[in-house]
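The values are calculated or read from the model by the stated rules, or taken from the named source; none is laboratory data. Worth saying up front: this structure is predicted, and the values here are computed from it rather than measured. Methodologically, a virtual Cβ is constructed for each residue, glycine included, from the backbone with ideal geometry; neighbour enumeration extends over all protein chains shown.
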Amino acid sequence: MPKCSFKVFIYRYSFCYTQRRKKMKTVLMVAEKPSLAQSIAKILSRGSASSRKGLNGACSVHEYTGSFMGQSARFKMTSVCGHVMSLDFIGKYNNWDKVDPAELFSKAPTEKKEANPKLNMLKFLQVEARSCDIIVLWLDCDKEGENICFEVLDTVLPVMNKSTGGECTVYRAKFSSITDTDILNAMNKLGEPNKNEALSVDARQELDLRIGCAFTRFQTKYFQGKYGNLDSSLISFGPCQTPTLGFCVERHDKIQSFKPETYWVLQVKVSRGQEQSLTLDWDRVRIFDREIAQMFLNITKAAREAQVDSVSKKEKAKQRPQALNTVEMLRVASSALGMGPQHTMQIAERLYTQGYISYPRTETTHYPENFDLKGTLRQQANNPFWADLVKALLAEGVNRPRKGTDAGDHPPITPMRSATEAELGSDAWRLYEYITRHFIATISYDCKYLQTTIYFSVGCERFTTTCKEVISPGFTEIMPWQGIPNEETFQPCEKGDKFGVDEMKLLEKQTSPPDYLTEAELITLMEKHGIGTDASIPVHINNVCQRNYVTVESGRRLKPTSLGIVLVHGYYKIDQELVLPTIRSALEKQLNLIAQGKANFQQVLDHTLDIFKRKFHYFVDSIAGMDELMEVSFSPLAATGKPLSRCGKCHRFMKYIQAKPSRLHCSHCDDTYSLPQNGTIKLYKELRCPLDDFELVLWSSGSRGKSYPLCPYCYNHAPFRDMKKGLSLDPLYNRAIILTFLDFL
């Protein structure tokens with residue numbers, strides 16, 4: 001090999017490196033959250049990725065060199081922050097005052113807008129996508145994730161390098177956990193995004209937007225202008241939200257209509273020698289007629305002994321749980337951990353992105369055949385909280401899990417690595433602990449116990465008593481709250497043995513009403529009736545709480561407010577299908593058919609909108625029926641509030657209504673004036689606006705916030721052409737008004 005100078009060597013090396021870089025393709029990879037992008041990049045680059053902040057400041061870009069489809073490539077891993085786009089009506093149809101809500105069903109055009117303009121996500125993605133040849137989508141593997149895939153593609157494909165040879169440039173990674181094995185497998189088995197699943201989300205978004213906005217705008221404007229103590233700035237309707245509220249009100253109605261009934265129970269206590277007394281259960285259970293109950297007592301009182309008719313001993317088993325899905329996790333978190341569904345999902349998502357658990361949104365309760373049960377269990381062998389139980393189970397051999405339901409989405413929720421409370425913090429640890437204990441329980445053995453039942457005769461009446469004795473605790477060792485309670489075992493006895501009657505009496509009791517629904521019970525009802533999905537159920541429950549339709553009481557029970565009760569009763573009075581789960585359940589099935597490619601997107605959209613448009617017109621025509629119920633629960637606007645400032649038209653005092661949305665009402669002119677929200681209002685020096693003669697008021701944003709004087713009329717009716725409604729809160733405008741007033745003087 002001929003020798004060359006060092007300068008020539010450097011030149012040749014640089015030239016070859018540049019040529020290789022020119023041929024090297026650039027792969028853009030996009031995850032759903034910044035933390036996920038960082039974790040995935042670290043795994044794929046084996047820790048060699050360099051990171052920089054993106055132009056929007058919210059997302060980072062992780063770069064490294066590697067191999068793609070057998071060729072060297074440069075990788076840029078970044079993320080979005082949830083949905084890139086959101087669906088909304090075009091500008092003029094967002095004006096509540098100028099648009100008839102009925103137009104929202106079909107006439108009003110919709111458009112995709114940037115979901116959060118402050119994040120500048122569109123520009124960020126396009127800047128990073130320029131000069132890229134291939135895109136790999138690492139969005140969450142559910143329907144929402146598929147929808148975001150196409151939002152990303154619509155943004156980046158126009159600026160990416162165009163393929164010349166017709167080869168595929170768009171890939172989809174499918175994964176269920178942030179572990180080395182799962183991420184590397186996903187990279188080796190890339191597929192393509194599912195357009196049908198994305199369309200099903202588009203259909204749901206458009207239906208919820210059109211239906212929800214039409215009903216919400218109409219009933220909000222109709223009722224807020226009539227009642228002063230209606231403490232809600234938005235009286236919303238939602239195709240899922242309203243049936244969810246309906247379940248809560250249905251339970252409330254059962255409680256209110258419940259009439260207690262008195263019944264009687266024959267209680268007998270028996271004993272033998274020095275043995276402990278046994279309380280027997282009457283075979284007739286209870287009697288609702290006092291005279292008949294007294295007759296049975298009189299007949300039985302004659303007997304001084306109880307005779308054993310038979311003794312039954314049966315070995316029984318309490319089954320280990322099925323694998324954990326989202327709905328069951330939400331139920332347990334609410335009932336056992338005292339955590340609301342929305343809070344639970346936020347924690348679960350954080351545990352997932354940090355690699356502690358698998359993907360938390362799944363309907364599946366069946367482990368795949370190739371699922372590494374032993375490997376997942378082995379990761380917990382050194383955790384101080386359950387190490388001994390795990391090691392014993394590994395030594396004994398894991399039990400075959402119960403067969404559950406395979407929904408075809410994601411594997412059940414399982415722990416992906418060991419953790420401690422110090423690592424995770426209180427709530428995150430409690431949820432992680434439950435998920436881990438549940439997983440270990442699913443591959444443990446059933447709890448076995450011996451149930452002994454003694455059948456007695458006392459006179460002509462039959463009685464029984466039962467006790468349970470644990471033989472093998474099985475899965476209840478890891479889930480002790482599921483264990484069989486310790487009961488004192490019976491002394492041996494057999495047929496024909498005699499026991500003395502120690503006590504015999506009638507107990508008078510009353511039937512009790514059901515309690516308000518717990519969140520766990522509501523989740524069960526929503527799942528049973530097909531209201532929402534595993535991902536959206538927490539959102540719907542959170543919405544009815546935030547809208548002031550229900551309050552969360554002790555024990556996480558949901559008690560409807562007066563507003564929630566009146567709304568549901570009003571829907572029932574006008575059109576019960578607006579609140580019953582039947583229509584939404586049928587729609588969810590249609591949306592699933594779109595996702596499976598078995599139903600046409602436009603046909604489902606048109607058919608559903610036509611149904612709800614008819615219902616809307618009937619609702620509007622029949623609103624007086626709901627108004628009658630409102631009149632009983634809420635006070636008219638004129639009878640609410642306290643006098644504050646004078647009207648510029650009639651010069652009488654207007655009343656300040658503090659309930660949301662806060663406003664001023666003139667009962668003489670029957671006019672209502674909106675005010676800035678989330679602050680305090682008081683009279684401003686009894687000064688009047690020189691433009692309309694209304695008394696000025698002073699709005700303060702808080703104890704240390706800024707204060708601005710404003711004219712109630714100008715705030716609602718902009719006095720100049722280039723001003724929008726509500727802009728008269730601008731301090732420059734108010735300064736001009738005051739100066740004009742001083743000049744006027």
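The set of residues in the stretch 110-138 that are out of contact with any strand residue (DSSP E or B) (no Cβ under 7 Å at 6 or more places or on another chain) and in a loop (DSSP other than H, G, I, E, B) comprises ASN116, ASN120, ARG130. If you go through the stretch 537-560 and pick out every residue that is among the hydroxyl-bearing types (Ser, Thr, Tyr) and surrounded by fewer than 17 Cβ atoms within 10 Å (Cβ to Cβ), you end up with 2.
Based on this model, can you work out whether PRO411 counts as under 27 Å from the mean Cα position of the chain (by Cα) and under 21 Å from ASP182 (Cβ atoms)?
Taking the combined requirement at face value, the residue satisfies it.
Scanning the stretch 43-64 for residues being in contact (Cβ under 8 Å) with a residue 60 or more places away in the chain and farther than 23 Å from CYS141 by Cα gives a total of 3. Within the stretch 440-451, the presence of a residue that is charged (D, E, K, R), surrounded by 15 or more Cβ atoms within 10 Å (Cβ to Cβ), more than 26 Å from the chain's Cα centre (by Cα) and assigned to a helix (DSSP H, G or I) is excluded.
Sub-7 Å Cβ pairs linking a first residue in the stretch 706-720 that is surrounded by fewer than 23 Cβ atoms within 10 Å (Cβ to Cβ) to a second residue that is charged (D, E, K, R) and assigned to a loop (DSSP other than H, G, I, E, B), at least 6 apart or interchain, are TYR713/ASP692; ASN716/LYS725; ALA718/LYS724; ALA718/LYS725, ordered by first then second residue.
Every residue, every condition in (1) surrounded by 15 or more Cβ atoms within 10 Å (Cβ to Cβ); (2) among the hydrophobic types (A, V, I, L, M, F, W, C); (3) assigned by TED's automatic domain parsing to the domain that holds SER233; (4) at pLDDT below 85, yes or no:
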{"position": "LEU591", "(1), (2), (3), (4)": "yes, yes, yes, no"}
{"position": "ALA595", "(1), (2), (3), (4)": "yes, yes, yes, no"}
{"position": "VAL604", "(1), (2), (3), (4)": "yes, yes, yes, no"}
{"position": "SER622", "(1), (2), (3), (4)": "no, no, yes, no"}
{"position": "ARG652", "(1), (2), (3), (4)": "no, no, no, no"}
{"position": "THR672", "(1), (2), (3), (4)": "yes, no, no, yes"}
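Could you give me the residue pairs with C-beta distances under 6 Å whose first residue belongs to the stretch 380-391 and is in the same structural domain as THR436 (by TED's automatic domain parsing) and hydroxyl-bearing (Ser, Thr, Tyr), whose second residue is modelled with pLDDT under 95 and part of a loop (DSSP other than H, G, I, E, B) wherever it lies, and which are 6+ apart or on separate chains? Final answer for the pair search is none.
The set of residues from the stretch 94-109 being part of a loop (DSSP other than H, G, I, E, B) and either of a type in the set (Gly, Ala, Ser) or under 30 Å from VAL604 (Cβ atoms) (or both) comprises ASN95, TRP96, VAL99, ASP100, SER106, LYS107, ALA108, PRO109.
If you filter the stretch 485-531 down to residues that are of a type in the set (Ser, Thr, Tyr) and in contact with an Asp or Glu (Cβ under 6 Å, 6 or more places away or on another chain), you find that the one that is farthest from ARG272 (Cα to Cα) is THR511.
The set of residues from the stretch 58-67 being out of contact with any Gly (no Cβ under 9 Å at 6 or more places or on another chain), under 17 Å from ALA31 (Cβ atoms) and either among the hydrophobic types (A, V, I, L, M, F, W, C) or surrounded by fewer than 19 Cβ atoms within 10 Å (Cβ to Cβ) (or both) comprises ALA58, CYS59, GLU63, GLY66. For the stretch 475-512, which positions are in contact (Cβ under 8 Å) with a residue 60 or more places away in the chain, surrounded by 13 or more Cβ atoms within 10 Å (Cβ to Cβ) and assigned to a loop (DSSP other than H, G, I, E, B)? ILE478, MET479, ILE484, PHE490, CYS493, ASP497, listed by residue number.
Any residue in the stretch 655-668 that is touching a residue at least 60 places away in the same chain (Cβ under 8 Å) and more than 17 Å from ASN548 (Cβ to Cβ) sitting within a Cβ distance under 9 Å of a residue that is outside any loop (DSSP other than H, G, I, E, B) and among the hydroxyl-bearing types (Ser, Thr, Tyr)? List the pairs, counting only those 6 or more apart or interchain. Matching pairs, first to second residue: HIS665/TYR656; HIS665/THR672; HIS665/TYR673. For GLU686, the conditions (1) assigned to a strand (DSSP E or B); (2) under 12 Å from CYS714 (Cα atoms); (3) charged (D, E, K, R) are fulfilled apart from (2). Just so you know, in the stretch 599-652 the residues that are closer than 30 Å to LEU698 by Cβ and polar (S, T, N, Q) include one that is nearest to the chain's Cα centre (by Cα), and it is SER635.
Just to be sure before I move on: is GLY679 modelled with pLDDT under 80, under 30 Å from PHE634 (Cβ atoms) and within 37 Å of the chain's Cα centre (by Cα) in the structure I sent? The answer is no for GLY679. Checked against the criterion of being assigned by TED's automatic domain parsing to the domain that holds HIS607 and in contact (Cβ under 8 Å) with a residue 24 or more places away in the chain, the candidates ARG172, ARG217 yield just one match: ARG217. Kindly evaluate MET345 against the criterion of being within 22 Å of PHE175 (Cα to Cα) and in contact with a Leu (Cβ under 9 Å, 6 or more places away or on another chain). Considered against the rule, which asks whether it is within 22 Å of PHE175 (Cα to Cα) and in contact with a Leu (Cβ under 9 Å, 6 or more places away or on another chain), MET345 comes out as yes. Evaluated against (1) in a helix (DSSP H, G or I); (2) in contact (Cβ under 8 Å) with a residue 24 or more places away in the chain; (3) among the polar types (S, T, N, Q); (4) surrounded by fewer than 18 Cβ atoms within 10 Å (Cβ to Cβ), GLN256 falls short on exactly one condition, (2). Give the number of residues within the stretch 65-84 that are farther than 17 Å from ASP142 by Cβ and assigned to a strand (DSSP E or B). So the answer is 12.
Put simply, of ASN120, ASN94 the only residue that is surrounded by 15 or more Cβ atoms within 10 Å (Cβ to Cβ) and under 29 Å from the mean Cα position of the chain (by Cα) is ASN120.
Might you let me know whether the stretch 331-347 holds any residue that is free of Cβ contacts under 8 Å to residues at least 24 places away in the same chain and either of a type in the set (D, E, K, R) or assigned by TED's automatic domain parsing to the domain that holds THR376 (or both)? Yes, there is a match, as at least one residue in the stretch 331-347 is free of Cβ contacts under 8 Å to residues at least 24 places away in the same chain and either of a type in the set (D, E, K, R) or assigned by TED's automatic domain parsing to the domain that holds THR376 (or both).
Does the stretch 470-479 include one or more residues that are aromatic (Phe, Trp, Tyr), touching a helix residue (DSSP H, G or I) at 6+ places or on another chain (Cβ under 6 Å) and either at pLDDT below 90 or over 23 Å from GLN267 (Cα atoms) (or both)? Yes; the residues of the stretch 470-479 include at least one that is aromatic (Phe, Trp, Tyr), touching a helix residue (DSSP H, G or I) at 6+ places or on another chain (Cβ under 6 Å) and either at pLDDT below 90 or over 23 Å from GLN267 (Cα atoms) (or both).
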